Amino acid sequence: MPERGSISLFEVVLFGVCLTLVAVPVPHFYQDVMIVTFIWAGVALAWNIAGGYVGLISFGHAAFFAIGAYTSTILGVRYGVTPWIGIWIGALLAAALGTTLALIGARLRGPFFILSTLAAAEVVRIAALNWTSLTGGAEGIWIAPVPNAVNMVFASRTTYVAVMLGYVAAVYAIAKTLEGSRYGLRMFAVRDDEDAASAAGVNPLLVRAGAMTISAFLTAIGGSLFAQYFQYLDPTHVASPELSFQFALLPALGGLGTAIGPLLGSFIIMPVSELLRSYLGAVFQGLHLAIFGGFLIVVMLYFPDGLAGALKRLGLGRSKGPP
Amino acid sequence: MTTFGQLVLSGLLIGGIYALMSMGLTLIFGVLRVVNFAHGEFLMVAMYGVWAMTALLGLNPYVAILAVVPAMFVFGALIHRLTIATGVDKPHLVLVFATMGLSILMQNVALMLFSADLFDVPPMFGGRSIAIGPLFFRVELLLGFLIAVLATLGLRWVIRSTYLGKAIRATVQDREAAMLMGVPVPHIFLVTFAGGSALIGLAACVMMPLFSVFPTVGLNFVLIAFVIVVLGGMGSIEGALLGGICIGIVQAVSSYYVAPAFGQMFFFIVFLLVMIFRPAGLFGRKGEAMVGIN
Amino acid sequence: MIRNALKSFTAAAAAGVIALLSNAPAGAQEPIRIGVLQAITGPFTKNGTENWVAMQIARDMINERGGIPGHRRKVEYVFADTPTPTAAITETERLITREGVKITAGSGLSPLAIAVSQAAERHGVFHWETAGGAEIITRRGHKYTFQVAPSARRYAEAAVDFIVEQLTERLGKPASGLRVALLWENRAWGKSVGENVRAYAPKKGLKLIYDEGYDQFITDMTAIVQQLKNVQPDVLVAISFPNDAILFQRKSKELDFNVGAFIGVSAGYSNPDLRNSIGGMVNGIFVSDFAVQVNPKALDDKIRPIAEEFFKRYDDQMKRPPAGHASMAFSAMWAFFTELLPKAKTFEPAELRTIALGLDVPQGAMANGSGIKFTNHDWAPDQKDFGQNLRAAVGVWQWQSSGNNQVFPTRLATHQPAMVPLPKWSQR
């Protein structure tokens, strides 16, 4: 079972399995599920850096996702800037917003902070919806599906899966490194007892701002990659509160505060919810979602450490240090 | 001038109704320190209840208050027992996500039971309005506003002059100390949550003549409620009333003078400004936002 | 024994040779599988469910008659629920890659239509769009997307033409003197129709004195109604969805905003439930929409009984007459089954595409009065346009106490426009 600061067998095996799934020929539909799962897992990990490590629960991460997606797409489609560069520009813009949010919310804790992230995300969504000349408004923007490596449009779905796997692996590595580092200790300190941390010489504002910035940066990259794969963006589904909830949900279900938590959450929840909808979607209007809602309630109330915590408790690992 | 007057009048009246809708939320926030993300869905459930009373039993929505408010009290108590009580001592994110799950569950059960159709109740006086000079308003708006004010006064009285109110205040100030002093805190939590739900029931009776109900109607109102609660100060009933009126007027005026499309964005901006400059809200206790919860 | 075995073997071999030699393709009696994408959960459920019911009626009716004419193959739908555009893309991909469909149909609403057709085109799958009307659907350089439903442009033009041809004399003002206001909900559909009204109105001599969009989650229409009151239009064209339509009408009555004529465009104003929600207030409202129940004389003899049967079956099942988009969905699928598929041999997208481009179905041959003629980069206003049906029927009907009656164009009309100018609220 993964522990802070060291690579465990579990993680190696998991990575190996993912690599195999990429390399081995797998039916298209499953590749689609993998692509979405990897992207969402990467964003969940990024969210967790702020939410799980520092306690900055955000219900507005869709704003960063959207900024990443729209920036690289607009630059690519309108100005011919290759997404390989556009992605970084989008990430920087999102990071700037992240820093700003952390500064605006410097004195806010708990639900106050959550609501401010929600409000900020709504401002971004409404702006994207109405600033038609920039974003295409409600009709959206799309990328021509002409395979071209420079424009980051690939003919083979396998290439996409590989790129997304690369993304989630990179974010995981970053999260893991942070988790085990001195900076990570400071993050956890601020989360657990801000006053004590302050007394010990940690600057909470810097830690909070830093975490949000990194989190926003990495989330935006996920958004750009999403845009390159789905090739169609519109504010209602790329900048919506529903999306923000999903990004917060996956780490919460998987287990906040650990690197493996968001990964587990995504790898299990994403495919399951796709399957639920595919099989139950036509049966009874809304049944699959009702089941999902009920499941969420039960898990959160009785397994608040999420799946990672539950696995630990089942004795699949020794815990070393705070959960 | 007429225009401005109309905007302020309409904004004021609808704002009072928004406030009534948010009072339950602020009470629950203030006492339990719980963010109830299913608030919109509680409103939806209550609205379906009012519709059922009207359509199936022929009751007037205002008469239905007598049935819906107690029913919502019981409903709230049930939900509290089944879900909230378990999570109240855990880290706050547990209930944040649990109430989100509740929200999804309730929306989709409503979809399964009622389909996506919009339901309405017939308006009073055929929807005609009262005219005061060049300004107009519907009776239902005025009634809703008055009920909101009455509810505010009533709640103030309860909080200030009854034992229950005292116990609630003690719990808000320091729940551990209150427990030590013999206040049955878990019981207070139950009563407050159920009471907050009853308030939502009251709001639904007042809102049903003005709005249609459908499974996702909560989405239209929940963000407004959150903004009002933050603006007014968590736990402050008077704050909710003033906050609601404020939001109602800002929305109407900014929509008119800037653009309807941006009307919604404006009150989020108000919200963010409050967060920056006075996070505890108009009537919250200073520093409350910095303490957060637990 | 061996003799018997030899006999059986010879018989089997002979049968095999005969089967090989005859042209019957393998699985000649296999049903034709069509992927259907509609939203039956989520925010678009209302339209999605009604479309889905209409499409199923089409399938049932064709199968009862022995399947696709000529081939005698039944139609089988493979259904996927698409509550959001993202789900639409994933579900379309699933139907194509896992279920192996080569034909998709749906999808009830513009944002979903855009997403579904995008995913279908990526796989070279033939998509028959039954209700979505945003123009972008046919302007993206797709090869296999065919929009059978009228585009937003047609609704806008119908509304404007109706104003110029029927309302000007009834209101006693020439086109140049008419004050026209435009109000639109700011998602894809509202914007699209709005843009077209804005572009077409000046060509017919009308000018817009008010032009505003608003957010779908709006709860208070005071500012909008007040703005309109101050501007005093003669005619208001509004594109709204059910919830905002109801809010607007009520607020108009409350603030005593009176207008000579009110034209709603589809979505909220064509919803049959509107009468349940706002009662008598609804009478007098014009709706630019799919044709619903057109003048039977406008339909050809073959389709008239089919249309009647559809209306009856829909009403029996849903306890109300079909909304315009449901009627369009049925007409589109029926035409697909009876005009396009009979001509197919391999049922591959490339073949279906060729057949579709060659279709020349006259107006009146489809259940809702439409015809079929698709653009093929040969449309004067926009050479990029491909797959738009220029003969889809759009008209204007009016909510009247006797029912929803078609008043425009004259060819399809069953009644005259009434209540022009609209009586003031105090008199209604």
### Task
Return yes when B:Ile249 is more than 8 Å from chain C (Cβ to nearest Cβ), touching a Ser or Thr at 6+ places or on another chain (Cβ under 6 Å) and either surrounded by 22 or more Cβ atoms within 10 Å (Cβ to Cβ) or farther than 30 Å from C:Ile40 by Cα (or both) and no when it is not.
no
### Query
Looking only at residues in the range B:61-102 that are free of Cβ contacts under 8 Å to residues at least 24 places away in the same chain and under 30 Å from B:Phe125 (Cβ atoms), which one is surrounded by the most Cβ atoms within 10 Å (Cβ to Cβ)?
B:Ala67
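Would you check which residues across the range B:268-284 are within 13 Å of chain A (Cβ to nearest Cβ) and either touching a Ser or Thr at 6+ places or on another chain (Cβ under 8 Å) or modelled with pLDDT under 75 (or both) and list them? I'd like the intermediate steps shown before the answer.
As a first pass, look at the range B:268-284 and keep what is within 13 Å of chain A (Cβ to nearest Cβ): B:268-281, B:284.
Correct list: B:Phe271, B:Leu272, B:Met275, B:Gly281, B:Gly284.
I'd like to verify a number: residues in the range A:120-133 that are within 25 Å of the chain's Cα centre (by Cα) and either of a type outside the set (Val, Ile, Thr) or away from chain C (no Cβ under 12 Å) (or both), how many? Reasoning before the result, please.
Quick first cut of the range A:120-133, residues within 25 Å of the chain's Cα centre (by Cα) only: A:120-129.
Filter once more, keeping what is either of a type outside the set (Val, Ile, Thr) or away from chain C (no Cβ under 12 Å) (or both): A:120-125, A:127-129.
Looking only at that region, the number is 9.
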### Task
Starting from the range C:199-210, keep only residues that are closer than 16 Å to C:Trp184 by Cα, then list their pairs with residues that are exposed (fewer than 15 other Cβ atoms within 10 Å of the Cβ) whose Cβ atoms are within a distance under 6 Å, requiring at least 6 positions of separation or different chains.
C:Ile209/C:Val231; C:Tyr210/C:Val231
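On the basis of being on the phi > 0 side of the Ramachandran plot and at pLDDT below 95, does B:Gly58 make the cut? I'd like the intermediate steps shown before the answer.
Values: on the phi > 0 side of the Ramachandran plot: yes; at pLDDT below 95: yes.
For B:Gly58, the condition - on the phi > 0 side of the Ramachandran plot and at pLDDT below 95 - is met.
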#### Entry: Residues of the range B:97-125 that turn out to be assigned to a loop (DSSP other than H, G, I, E, B) and out of contact with any helix residue (DSSP H, G or I) (no Cβ under 6 Å at 6 or more places or on another chain), as a count
4
### Message
I'd like to check something: does the range A:157-169 contain any residue that is over 20 Å from the mean Cα position of the chain (by Cα), within 20 Å of C:Gln118 (Cβ to Cβ) and without any contact (Cβ under 8 Å) to a residue 60 or more places away in the chain?
### Response
yes
#### Entry: Set A:Thr159, A:Thr99, A:Thr177: member being at pLDDT below 90, assigned to a helix (DSSP H, G or I) and either touching a Ser or Thr at 6+ places or on another chain (Cβ under 7 Å) or over 30 Å from B:Met275 (Cα atoms) (or both)
A:Thr159
### Which listed residue, of C:Gly358, C:Gly371, is surrounded by 16 or more Cβ atoms within 10 Å (Cβ to Cβ) and among the small types (Gly, Ala, Ser)
C:Gly371
### Task
Give the number of residues within the range A:140-182 that are closer than 25 Å to A:Ile260 by Cα and in contact with a Lys or Arg (Cβ under 9 Å, 6 or more places away or on another chain).
3
### Query
Do we find that B:Phe145 is closer than 24 Å to C:Ser277 by Cβ and surrounded by 17 or more Cβ atoms within 10 Å (Cβ to Cβ) in this structure?
yes
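Given the criteria within 14 Å of chain C (Cβ to nearest Cβ), more than 18 Å from A:Val123 (Cβ to Cβ) and within 9 Å of the chain's Cα centre (by Cα), does A:Gln231 qualify?
no
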### Message
Which residue is nearest to the chain's Cα centre (by Cα), if the candidates are limited to the range C:210-227 and must be closer than 24 Å to A:Thr132 by Cα and aliphatic (A, V, I, L, M)?
### Response
C:Ile218
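Go through the range C:229-240 and give me each residue that's in contact with a strand residue (DSSP E or B) (Cβ under 9 Å, 6 or more places away or on another chain) and on the phi < 0 side of the Ramachandran plot. Even if it seems obvious, please write down each step before you answer.
Taking the range C:229-240 first, the residues in contact with a strand residue (DSSP E or B) (Cβ under 9 Å, 6 or more places away or on another chain) are C:231-240.
If the condition is that a residue be in contact with a strand residue (DSSP E or B) (Cβ under 9 Å, 6 or more places away or on another chain) and on the phi < 0 side of the Ramachandran plot, then C:Val231, C:Pro233, C:Asp234, C:Val235, C:Leu236, C:Val237, C:Ala238, C:Ile239, C:Ser240 are the ones that fit.
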### Qualifying residues in the range C:217-240 (those that are more than 7 Å from chain B (Cβ to nearest Cβ), assigned to a helix (DSSP H, G or I) and among the hydrophobic types (A, V, I, L, M, F, W, C)) - the one farthest from A:Ile126 (Cα to Cα)
C:Val231
### Query
Residue check: is C:Ala175 more than 10 Å from every other protein chain (Cβ to nearest Cβ), touching a Ser or Thr at 6+ places or on another chain (Cβ under 7 Å) and under 29 Å from A:Val123 (Cβ atoms)?
no
### Query
Within the range C:241-260, is even one residue on the phi > 0 side of the Ramachandran plot, under 22 Å from the mean Cα position of the chain (by Cα), in a loop (DSSP other than H, G, I, E, B) and within 14 Å of chain B (Cβ to nearest Cβ)?
no
### Summary
Over the range C:61-83, the set of residues touching a residue at least 40 places away in the same chain (Cβ under 8 Å) and either among the β-branched types (Val, Ile, Thr) or within 21 Å of C:Gln317 (Cα to Cα) (or both) is C:Met61, C:Ile62, C:Ile68, C:Val75, C:Glu76, C:Tyr77, C:Val78, C:Phe79, C:Asp81, C:Thr82
#### Entry: Residue list for the range A:288-304, restricted to those being outside any helix (DSSP H, G or I) and either in contact with a His (Cβ under 8 Å, 6 or more places away or on another chain) or facing chain B (nearest Cβ under 8 Å) (or both)
A:Pro304
### Query
Is there a residue in the range C:195-216 that is under 20 Å from B:Leu118 (Cα atoms) and either in a helix (DSSP H, G or I) or polar (S, T, N, Q) (or both)?
yes
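Listed here are the residues, each with its yes/no results for (1) of a type in the set (Asp, Glu); (2) closer than 28 Å to B:Leu153 by Cβ; (3) away from chain C (no Cβ under 14 Å).
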| position | (1), (2), (3) |
| --- | --- |
| B:Ala194 | no, yes, yes |
| B:Ser197 | no, yes, yes |
| B:Ile228 | no, yes, no |
| B:Ile237 | no, yes, yes |
| B:Phe262 | no, no, no |
| B:Phe266 | no, no, no |
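Looking at C:Val160, C:Val193, C:Val197, C:Val235, which is the one that is assigned by TED's automatic domain parsing to the domain that holds C:Asp289, among the aliphatic types (A, V, I, L, M) and within 18 Å of the chain's Cα centre (by Cα)? Let's see the steps before the verdict.
Details: C:Val160 fails: within 18 Å of the chain's Cα centre (by Cα); C:Val197 fails: within 18 Å of the chain's Cα centre (by Cα); C:Val235 fails: within 18 Å of the chain's Cα centre (by Cα).
Within the list C:Val160, C:Val193, C:Val197, C:Val235, the selection yields C:Val193.
Would you list the helices (runs of 4 or more DSSP H) that sit entirely within the range C:67-183 and hold 1 or more residues that are aliphatic (A, V, I, L, M) and either touching a strand residue (DSSP E or B) at 6+ places or on another chain (Cβ under 6 Å) or surrounded by 24 or more Cβ atoms within 10 Å (Cβ to Cβ) (or both)? Before you say what the answer is, go through the steps one by one.
Numbers: elements: C:85-97, C:110-122, C:152-162, C:168-171.
Hits in the range C:67-183: C:85-97, C:110-122, C:152-162.
The values are calculated or read from the model by the stated rules, or taken from the named source; none is laboratory data. Bear in mind the structure is a predicted one, so any value in this text is a computation, not a measurement. Neighbour counts run over all protein chains shown; Cβ positions are idealised from the backbone, glycine included.
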